[in-house]
Amino acid sequence: MAELFGKLTKKMDTETVGNSGFKKRNFIVVTEEQYPQEIQLQMVQGNVSLLDNFQLDSMVKITFDIKGKPWTKDGKTSYFVTLQAWKIETHAS
């Protein structure tokens, strides 16, 4: 579990993956550091609607897990990392 503080700058549409019914929604938070970073996070399944309660430019605190997954094609393995958010709260800067 990790936390991130920053400004919510972009909310993408909810996507349904294939026929599985699996839902995901990406969003961008700009961190409150000396050198701000634009971080993409993702909410899945029932959590995708949590973003609906927040306006763009809101200051937020995100609680998330780091998820990793290998993917092999033509004998070459690549690794993907997702920051999977499961909680979003208002944060006073």
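The values are calculated or read from the model by the stated rules, or taken from the named source; none is laboratory data. As the structure is a prediction and not an experimental result, all values here were calculated from the model. Cβ coordinates were reconstructed from backbone atoms using ideal geometry, including for glycine residues, and neighbour counts include every protein chain displayed.
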Within segment 15-27, can you find the residues that are loosely packed, with under 14 Cβ neighbours inside 10 Å and in a strand (DSSP E or B)?
-> E15, T16, V17, F22
Checking S20 against (1) in contact (Cβ under 8 Å) with a residue 60 or more places away in the chain; (2) more than 21 Å from A2 (Cβ to Cβ), the condition it does not meet | (1)
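Would you pick out the residues in segment 74-88 that are surrounded by 13 or more Cβ atoms within 10 Å (Cβ to Cβ) and of a type in the set (D, E, K, R)? Even if it seems obvious, please write down each step before you answer.
As a first pass, look at segment 74-88 and keep what is surrounded by 13 or more Cβ atoms within 10 Å (Cβ to Cβ): 82-88.
Matches in segment 74-88: K87 only.
Here is a yes/no grid of residues against (1) crowded, with 16+ Cβ neighbours inside 10 Å; (2) outside any strand (DSSP E or B); (3) not basic (K, R):
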{"site": "D13", "(1), (2), (3)": "no, yes, yes"}
{"site": "N47", "(1), (2), (3)": "yes, yes, yes"}
{"site": "F64", "(1), (2), (3)": "yes, no, yes"}
{"site": "T72", "(1), (2), (3)": "no, no, yes"}
Within segment 49-62, of all residues that are surrounded by fewer than 11 Cβ atoms within 10 Å (Cβ to Cβ) and either touching a Phe, Trp or Tyr at 6+ places or on another chain (Cβ under 7 Å) or modelled with pLDDT of 95 or more (or both), the one farthest from D13 (Cα to Cα) is D57
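Which of the residues spanning segment 28-45 are of a type outside the set (S, T, N, Q) and exposed (fewer than 15 other Cβ atoms within 10 Å of the Cβ)?
The answer is E32, E33, Y35, P36, E38.
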Is segment 31-39 home to any residue that is touching an Asp or Glu at 6+ places or on another chain (Cβ under 9 Å), of a type outside the set (G, A, S) and part of a strand (DSSP E or B)?
-> yes
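Restricting the search to segment 43-93, which residues are among the aromatic types (F, W, Y) and either closer than 19 Å to L4 by Cα or free of Cβ contacts under 8 Å to residues at least 12 places away in the same chain (or both)?
Scanning segment 43-93 gives F54, F64, W71, Y79, W86.
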